[in-house]
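The structure under discussion appears below in the form of structure tokens.
The values are calculated or read from the model by the stated rules, or taken from the named source; none is laboratory data. Note that this is a predicted model, so its numbers are computed, not measured. Ideal geometry is used to build each Cβ from the backbone, glycine not excepted, and the neighbour counts take in all protein chains shown.
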Amino acid sequence: MRELTEKARAEIAAAGSSAQLEQVRVRYLGRRAELPLLLRGVAQLPPEQRAEVGRQANLARRDLEALIAERMETLAVGEMQGRLAADAIDVTLPGSPTVPVGRLHVLTQTTRELEDIFLGLGFTVLEGPEVETVHYNFDALNHGKTHPARARTDTFYLSNEVVLRTHTSPMQIRAMEAHPPPLYVVIPGRVFRPDSDATHTPQFHQIEGLAVDEDITLADLKGTLLAFARAVFGDERQVRLRPHFFPFTEPSVEVDVSCFQCSGSGSMRDGSRCALCKGEGWLEVLGAGEVDPNVYSAVPDTERNAPGYDPEKVQGYAWGMGIERIAMLKHGIPDLRLYFENDLRFLGQFG
Amino acid sequence: MRVPTEWLLQYCDPHLEVAEIARRLTMTGTKVEAIHHHGVGEQDRFLVGRILKVRPHPAADRLQVCEVDLGAARADGPATIVCGAPNVAAGQAVAIALPGAVMPDGGTLKQAKLRGVRSEGMILSAEELNIGPNDGGILVLADQPGPGTRLSQVLPIATEVLELEVTPNRPDCLAIYGVARELHAATSAPLSRPPWQEDEGSAGELDAVAVKVACPELCPRFTARVFEEVEVGPSPLWLAARLIAAGQRPINNVVDITNYVMLLTGQPMHAFDLDEVAGSQLTVRCARDGETLVTLDGERRTLSAKMVVIDDASGPTSLAGVMGGGRSEVRGHTRRVLMEAASWDGPSIHATSSALGLRSEASARFEKGLAPEQCMHAQAVAAHLMRVVCKARLLPGTLDICEPLPPPLRLRLRGARLRSILGVDVARERQVEILRSLDFEVHACGEDLEVTVPPQRRGDVSREADLIEEVARIDGLERLPATLPARRGAYGLLSPSQRLRRRVQDALVGAGLFEVVGWTFCSRSAVEQLTLDRARTHDWSTRAVEVENPLSEEQSLLRPTLLRSLLCSAAHNAVRGMRDLRLFEVGTVFMRDGAGEQEATGVESSVVAQQTGVLERRSLGVLLHGAVRPESWRERQQEEADFYALKGVMEAIGAALHIGGDVLRCEPFTGEGQPFLHPLRAGEVICANRSIGWIGELHPRALLDGLGGCAAMELDFDALIDVALAHAAERRHLDLISFPELRRDIAVVLPAEVPAERVRSAVLSAEGPRRSLLQDVRIFDVYSGPQIGEGRRSLALSLSFRAAARTLSEQDVAPVLAKIVAQLEALGGQLRG
Ligand SMILES: [Zn+2]
């Protein structure tokens, strides 16, 4: 038995893989192996020898089992390491592409950003038709019969009475026709004017704001647009209202936002003139004003908004800005035409 | 409007830096677009010199060498200056530029050697100083200022010029004095009395000329004065210099006076050579259609009946309010001048100048509407200048044909209203001060003010709101606090459809698509390229919306589809080497609102469409081109985007909107399909049993240059969203967790021509109209091959069953499966395996 045990020990130590070791185990400890057979043969021994031989055999078996387990462990670790080593990869190769990332158009992104700012300020979003009647586009917005904007050089006509809207403002009237005051709406959309050069495209986008209630002041306009300016261009921004003229607001103002590139100083840290605001310290961003009383008068009395928009009872403000211009300022986009070329190398930078 | 500060400050001088003047004007509503420096720079390099001696240049016949006394300005005696002017002579006081002087064109004068003689400066002409016309010689200073005197003390050689953006409601600011009044209001600096305060002329009959106004509604006032013994010649330098600085070219003193008066008062004038006015009579009348007139610029203009002309006895001599005629223009030999100042109907002048494409300084003012009172302002200033400048004698009397002047406009300005519009208080004394500084008459009236509008502001200020603006802009909008509206009861929220539209766009971006923004305009030929042999009958052509005044033929239609702009965007990228394109666009498409549309589609054409005759639809377009995924080192060949890749996008949209294949699906075209699609690889998109668009691979003939095969789809976006909204409204919680679903996969062999959708709907309908256990059917494999047999294919279906309140067993689904098999057999199918 000792001989057998010694031989087994040697084979266990010599086993080079878990499979070989398993063969050794089967050979010495398996059902038909020598050691179990030896144990089974114990029964035939005289009773006084049985106990001793049995004990020895059991000891030998346990000893071998422990040895095998230990050896198995050592082999398994080595084999695992070998398997992992075979799986080695170059982690610096590019990954397998997922579906590539798409992008919203920068105009959509900017429109959403503006919509969200005004949603937060309590406005709802309306959209309107791009083809409009002369009534909504001009007459109801207090444009005189000879206002230059009506000229065929300034407006696309589909017929004498139908135009491509030149601004989003016609929706002011449609919104008031559809909803009684108070009214807080913003109106994004595409507008058209027959200009085509480096700074004009025949189509572009505006967002319009209209708030009508009992007591909306010019100071409220300033506060609203200050909130907008800070949300879009940074918390440090200031706004400046400059008197101006629009047919559908009175008083009318142009609104400048302090330049975010030079913090309104007009010059850069190295002393050079700020190229964004051309040294002015201010960026002209939008037009606005208190809604002209004539605009309220153009809203017909209907059952819905009875007694209608009486200029003695309601007041409010309106403003409008170019979405392309906001995106240009924000992202330094140099040319309007880029927006409509849809070059993926341009589109991929935004959205 | 160009305003030389040298001229402006004569009427109102706030003693401020020009930049501060510009800022104050800008912040009170007269926007200064730019400040230009006009004239010379380095002004101390310009001096008066006295010519002591003139001798011929040793090496050049046409040059002379002058010895010039520069007085105390030059310590080391007279300067030597070479001069080529024919009129140079000893004893003259002349204008000298020394080296370092900056000339009006920006060039710096350097010391020069002219044919071997060193010249220590330059003797200047009026033209070189840009203060007068080229008169062929140097400028000789007649009143002999002392040598060494700074030239700027005797001549207007430099000024700043404010370039103003004047809004169309303020023709009164197209005048130096009007701007001076704004500056006065903005700074409180004193304003000189108006230059027309003293009138050297007199009222009363004027016999020298007879005038008839045949269309008083278009000519509310016509005034004329006659001057005799007029000496026509070049204008004095102060006058010429101001015109040049204001952007006008001096012509002769009489014409220059009319321009000067217009720039100063805002009222255009016209000077006639009275001896050239046939019959010494003028008639103001409407033109006849087709009548022609040669205007001062030498062009022959064809007139129409809406225009106004001024006739003399031999026909039209000038186009009223726009431009004079050549025949009676003032020339060198003119002795008698008729000076006209008239008031014209703004809209009529606007129409005339637009129709003829002829804009002048005069028409730009008249079309905005001038007050008839201003005619006499102009006559008063002109009378003075004609005497002083042209030594002319004014005949007594003024011809004045005038409709009754509009009555003074009185408005009430309520203090409470002012406060409520602005959101800030302006002291009543300040309101009064502001309005008076702007030439309004003001009387206190309790809390309120009673305000009379001055004539030159009549067109702009007619309501209380306009007065509020006047007070607000001068008081300073910087003073306004920044507050927010109270927003009683208002809350901000996107509408459900706006939210769903955003969700679809986000889902498409998530699926790797790029959003593009294309042109609304397209050409008819582009539509014809898409509609191909059906160009004459297809909706896109027959109901195309045309622009009457397009910028070009390329942009003459409003797009009836997004397909064209998607193709253009794709082609732009493809020819630049970007091969794999996944694009979508959301935009409006246009068609003429068809008669009978309502019955045909069941869609009510909207109120707007009834007003405009144009049906607008928000459309969603998708275009795929090239590989569906970028290739990589592991997978070189990627699948090409085909019909099924695109249908996957359609299904992703459905998934994003919670509308599955039951609601949003594709079916073969029932009619003839779309001409721009592959006839057998395309179909109709059905949503809630209504066609809302098309999907398919494009017909090779519909593709653009540089672009290979594409798959594209276009949906009526609003219709899709409406269906999704209706489904969202019905959505209730279903317990899908407590009792698991049971799945069974089956394979069925069918005739190949049976569409998959028919198989699917047959299976779904197996339980009868009310499905109870079968939840969904998914086709997960399609196989055709020799084992299946010619003309047949095998579809593998994954069926899922679920019951609301128990776990299903095989026995539960067995009867349903049996019905499903029966349905499939009815389609000619045979269960496999
Ligand atoms: Zn800046």
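Inside the range B:189-206, residues that are small (Gly, Ala, Ser) and at pLDDT 95 or above make up a count of 2.
Just one of the numbered conditions (1) more than 11 Å from the ligand (Cβ to nearest atom); (2) over 20 Å from A:Ala211 (Cα atoms) is not true of A:Gly266: (1). The strands (runs of 3 or more DSSP E) found entirely in the range A:152-209 that carry 1 or more residues being more than 10 Å from every other protein chain (Cβ to nearest Cβ) and not polar (S, T, N, Q) are A:183-192.
Tell me the residue from B:Arg582, B:Arg576, B:Arg559, B:Arg534 that is under 15 Å from B:Leu624 (Cβ atoms) and of a type in the set (D, E, K, R), please. None of the other options fit; the residue is B:Arg582.
Looking across the range B:678-702 at every residue that is within 19 Å of B:Ser619 (Cβ to Cβ) and out of contact with any Asp or Glu (no Cβ under 7 Å at 6 or more places or on another chain), the one that is modelled with the lowest pLDDT is identified as B:Ala702. Does B:Glu470 fit the bill of being assigned to a helix (DSSP H, G or I), within 26 Å of A:Ala219 (Cα to Cα) and touching a Phe, Trp or Tyr at 6+ places or on another chain (Cβ under 8 Å)? Criteria met by B:Glu470. The set of residues from the range B:706-761 being part of a strand (DSSP E or B) and without any contact (Cβ under 8 Å) to a residue 60 or more places away in the chain comprises B:Arg743, B:Asp745. Scanning the range B:160-212 for residues that are touching a helix residue (DSSP H, G or I) at 6+ places or on another chain (Cβ under 9 Å) and of a type in the set (Val, Ile, Thr) yields B:Val161, B:Val166, B:Thr167, B:Ile176, B:Val179, B:Thr187, B:Val209. Inspection of the range B:444-464 finds a residue satisfying the criterion of being facing chain A (nearest Cβ under 7 Å) and closer than 30 Å to A:Pro180 by Cα. Here is the figure for the range A:176-234: residues that are of a type in the set (Val, Ile, Thr), in contact with a Phe, Trp or Tyr (Cβ under 8 Å, 6 or more places away or on another chain) and farther than 21 Å from B:Leu484 by Cα total 2.
Can you tell me which residue is farthest from the ligand (Cβ to nearest atom) among those in the range A:215-232 that are touching a helix residue (DSSP H, G or I) at 6+ places or on another chain (Cβ under 7 Å) and not small (Gly, Ala, Ser)? The selected residue is A:Asp215.
Of all residues in the range A:83-116, exactly one satisfies the criterion of being within 7 Å of another protein chain (Cβ to nearest Cβ), among the polar types (S, T, N, Q) and not in a loop (DSSP other than H, G, I, E, B), namely A:Thr108.
Residue by residue through the range A:211-226, note down the ones that are more than 7 Å from chain B (Cβ to nearest Cβ) and either surrounded by 18 or more Cβ atoms within 10 Å (Cβ to Cβ) or at pLDDT 95 or above (or both). Listed by number, the residues that qualify are A:Val212, A:Leu221, A:Leu225. Out of A:Leu75, A:Leu84, one residue alone is surrounded by 10 or more Cβ atoms within 10 Å (Cβ to Cβ) and under 60 Å from the mean Cα position of the chain (by Cα). It is A:Leu75. Any chance the range A:252-261 includes a residue that's more than 12 Å from the ligand (Cβ to nearest atom), more than 32 Å from the chain's Cα centre (by Cα) and not in a loop (DSSP other than H, G, I, E, B)? Within the range A:252-261, one or more residues are more than 12 Å from the ligand (Cβ to nearest atom), more than 32 Å from the chain's Cα centre (by Cα) and not in a loop (DSSP other than H, G, I, E, B).
Scanning the range A:280-293 for any residue that is over 30 Å from A:Lys313 (Cβ atoms), within 16 Å of the ligand (Cβ to nearest atom), small (Gly, Ala, Ser) and more than 14 Å from chain B (Cβ to nearest Cβ) turns up nothing. Kindly establish whether B:Glu217 is under 15 Å from B:Gly321 (Cα atoms), outside any strand (DSSP E or B) and not hydroxyl-bearing (Ser, Thr, Tyr). Yes.
Among the numbered conditions (1) out of contact with any helix residue (DSSP H, G or I) (no Cβ under 9 Å at 6 or more places or on another chain); (2) within 16 Å of the ligand (Cβ to nearest atom), the only one that A:Gln238 does not meet is (1). For the range B:356-370, residues that are surrounded by fewer than 23 Cβ atoms within 10 Å (Cβ to Cβ) and either on the phi > 0 side of the Ramachandran plot or more than 14 Å from every other protein chain (Cβ to nearest Cβ) (or both) total 4.
In the range B:549-559, the condition of being within 10 Å of chain A (Cβ to nearest Cβ), touching a helix residue (DSSP H, G or I) at 6+ places or on another chain (Cβ under 9 Å) and surrounded by fewer than 21 Cβ atoms within 10 Å (Cβ to Cβ) is met by no residue.
When the residues of the range B:494-509 are filtered to those that are within 7 Å of chain A (Cβ to nearest Cβ) and in contact (Cβ under 8 Å) with a residue 60 or more places away in the chain, the one that is nearest to the chain's Cα centre (by Cα) is B:Gln505.
Checked against the criterion of being within 16 Å of the ligand (Cβ to nearest atom), touching a helix residue (DSSP H, G or I) at 6+ places or on another chain (Cβ under 7 Å) and either within 14 Å of chain B (Cβ to nearest Cβ) or not in a loop (DSSP other than H, G, I, E, B) (or both), the range A:301-319 contains not a single residue that satisfies it.
Meeting the requirement of 2 or more residues that are in contact with an Asp or Glu (Cβ under 7 Å, 6 or more places away or on another chain), the strands (runs of 3 or more DSSP E) wholly within the range B:1-100 are B:31-39, B:46-56, B:79-83.
So that you can scan it fast, the table gives a plain yes or no per residue for (1) among the hydroxyl-bearing types (Ser, Thr, Tyr); (2) surrounded by fewer than 15 Cβ atoms within 10 Å (Cβ to Cβ):
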{"residue": "B:Arg2", "(1), (2)": "no, no"}
{"residue": "B:Leu9", "(1), (2)": "no, no"}
{"residue": "B:Ile21", "(1), (2)": "no, no"}
{"residue": "B:Thr30", "(1), (2)": "yes, no"}
{"residue": "B:Gln43", "(1), (2)": "no, no"}
{"residue": "B:Arg62", "(1), (2)": "no, yes"}
{"residue": "B:Leu70", "(1), (2)": "no, no"}
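Criterion applied to B:Ala526, B:Ala535, B:Ala544 was being away from chain A (no Cβ under 12 Å) and within 31 Å of the chain's Cα centre (by Cα), and the one residue passing it is B:Ala526. Considering every residue within the range B:191-209, establish whether at least one is surrounded by fewer than 18 Cβ atoms within 10 Å (Cβ to Cβ) and more than 25 Å from B:Gln379 (Cα to Cα). No: the range B:191-209 contains no residue that is surrounded by fewer than 18 Cβ atoms within 10 Å (Cβ to Cβ) and more than 25 Å from B:Gln379 (Cα to Cα). From the list A:Glu115, A:Glu65, the lone residue that is surrounded by 13 or more Cβ atoms within 10 Å (Cβ to Cβ), touching a residue at least 60 places away in the same chain (Cβ under 8 Å) and not hydroxyl-bearing (Ser, Thr, Tyr) is A:Glu115.
For every residue, the table says whether it meets (1) crowded, with 17+ Cβ neighbours inside 10 Å; (2) at pLDDT below 95; (3) basic (Lys, Arg).
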residue: B:Cys375; (1), (2), (3): yes, no, no
residue: B:Ala378; (1), (2), (3): yes, no, no
residue: B:Arg387; (1), (2), (3): no, no, yes
residue: B:Glu403; (1), (2), (3): no, yes, no
residue: B:Glu441; (1), (2), (3): no, no, no
residue: B:Leu449; (1), (2), (3): yes, no, no
residue: B:Asp466; (1), (2), (3): yes, no, no
